[in-house]
Amino acid sequence: MPPGSFTSAGIDSKRQRALPVPRANADMKTFVPDSSIASDVIPSANYGERNDGRQPDMIVLHYTGMPDMEGAIAQLCSAGTDVSAHYIVLEDGRIVQCVPESKRAWHAGVSCWAGEQDINSCSIGIEIINRGHDWGYPDFPPRQIAAVIALCRGIMLRRKVPSHRVLAHSDVAPARKKDPGEKFPWHSLANSGVGHWVQPAPIAPGEALKLGGIGDDVIALQTAFARYGYDVPTHGKYDGATMEVVTAFQRHFRPARVDGVADHSTMRTLHALLASLPAEAIVVAAR
């Protein structure tokens, strides 16, 4: 058999490998998964009630950013880590549910979108097994992405989540997070009806706004980002916070170059996204 090739039996064997249930969680009460495509339930000890009875209308996608699956599952499910997610999507396409959708998982941390500060209460969190930027940042396998798409489509249907509220962790926490990062194929999700997307404008030489810039053009840029939903000041100074938002936007919507510089490609892509948003979404984002 040539190097790198696999028999179907080998793939099936890998897919059926037992999942690493944290020892302290072995006796925790399980639950019926919300998604019919979730293959396993590993209950997390870390969750609470959604504040003010808030119903989730947002999906936030993450990568685990840890060297291996076992460590990631332990981190997300063990008491005392203060972190969790509703779902984990493995590299082989299996989907594990850890927190019921009706509960508030602790995945977003300090975050904001469209004026909402409690993202954990209004969202479903999906962690995607991937080592992330600190551990080599591998590509996302096609089987894993297919599972993410199927999972998101089901959640969107059940929870009436609009496409423009399927977001990256880096979108809602641009100062802290990079995930799921510029390698994540948002365009593939959009082709299947998951997420908001336009074809990024081509990168070309020309003037750009960047760190240290001031003036009305910077105010216009900041205002456009705020209208889309990003938490960004609108004071006319291209400061570090503005650069972080531009970088997060590029990771999601213009991944060919992620440098925090608002060039014509970045600005044209942003305005195309705004133009294709429902009017009511812009009103919410501008609050």
*Can you give the percent of C-alpha pairs in region 237-287 whose distance is more than 13 Å?*
60
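Given R₀ = 35 Å, FRET efficiency for residue 157-residue 241 by Cβ-Cβ distance, to 0.05?
Details: r = 36 Å, r/R0 = 1.02.
Efficiency for this residue pair is about 0.45.
Which length gain, in nm to one decimal place, applies between residue 259 and residue 54 when the Cα-Cα distance is subtracted from 0.36 nm times their residue separation?
Result: 70.2 nm gained on full extension.
How large is the direction-averaged shadow of the alpha-carbon convex hull of the chain, in nm²?
Working: hull surface 66.8 nm².
Result: 16.7 nm².
Taking only the alpha-carbon atoms of region 58-179, what semi-axes of the equivalent ellipsoid follow from 5 times the gyration tensor eigenvalues under a square root, in whole Å, largest first? Don't skip to the answer; put the middle values down first.
Values: eigenvalues 79, 56, 43 Å².
Working from the Cα gyration tensor, I get semi-axes of 20, 17, 15 Å.
Over region 113-250, what percent of the accessible surface lies on carbon and sulfur atoms, probe 1.4 Å?
Working: 3180 of 5940 Å².
Whole-percent figure for carbon plus sulfur exposure: 53.
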*Hey, if we sort 41, 89 by accessible area with the 1.4 Å probe, largest down, what's the order?*
41, 89
_So, taking all protein chains as they sit and a 1.4 Å probe, how much accessible area belongs to residue 258, in Å² rounded to tens?_
50
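Counting only helical runs of four or more DSSP H residues, what would the 222 nm mean residue ellipticity of the chain come to if each run contributes -39,500 (n - 2.57) and the total is spread over all its residues? The partial results should precede the final answer.
Values: 10 runs with 95 residues, N = 287.
Calculated at 222 nm, the ellipticity per residue is -9500 deg cm²/dmol.
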*Cα-derived Rg to Rh of region 163-287, Kirkwood definition*: 0.93
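Give the residue list of trypsin sites (Lys or Arg not before Pro) in region 96-175 that are DSSP loop and have at most 11 other beta-carbon atoms within 10 angstrom. It would help to have the intermediate numbers written out before the result.
Numbers: sites: 103, 104, 131, 143, 153, 158, 159, 160, 165; in loops: 131, 160.
Qualifying residues, ordered by number: 160.
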*residue 103 versus residue 276, label points 7 Å from Cα toward the beta carbon: distance in nm?*
3.7
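Can you give the accessible area per residue of the chain, in Å², using a 1.4 Å probe? Don't jump to the answer; show the numbers that get you there.
Values: 13420 Å² over 287 residues.
I get 47 Å² per residue for this part.
For region 108-179, build the convex hull from the C-alpha positions and give me its volume per residue in Å³. Write out the running numbers ahead of the final one.
Numbers: hull volume 6.9 nm³, N = 72.
Hull volume normalised by residue count: 95 Å³.
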_In the chain, lysine pairs closer than 24 Å at Cα, eight or more apart or cross-chain_ = 9
*Given +1 on the Cβ of Lys and Arg, -1 on the Cβ of Asp and Glu, and no further charges, what dipole in debye does the chain carry about its Cα centre, rounded to the nearest 20?*
480
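Once the piece of chain linking residue 68 and residue 40 is laid out straight, how much longer is it, given 0.36 nm per residue of separation minus the C-alpha distance between them? Walk me through the intermediate numbers first.
On the way: separation 28, 0.36 × 28 = 10.08 nm, distance 1.82 nm.
Difference between extended and current length: 8.3 nm.
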*Between residue 217 and residue 191, with labels modelled 7 Å along Cα→Cβ, what's the label distance in nm to one decimal, could you check?*
3.6
*Report relative contact order for the chain in percent, whole number only (criteria: Cα-Cα under 8 Å, sequence separation at least 6).*
17
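The values are calculated or read from the model by the stated rules, or taken from the named source; none is laboratory data. Predicted, not measured: the structure shown is a model, and the values here were computed from it. Note that each Cβ is placed from the backbone with ideal geometry, even for glycine, and that neighbours are counted across all protein chains shown. Keep in mind that these areas ignore ligands, DNA and RNA; they rest on the heavy atoms of the full protein, side chains included. Shrake-Rupley method; radii C 1.70, N 1.55, O 1.52, S 1.80 Å.
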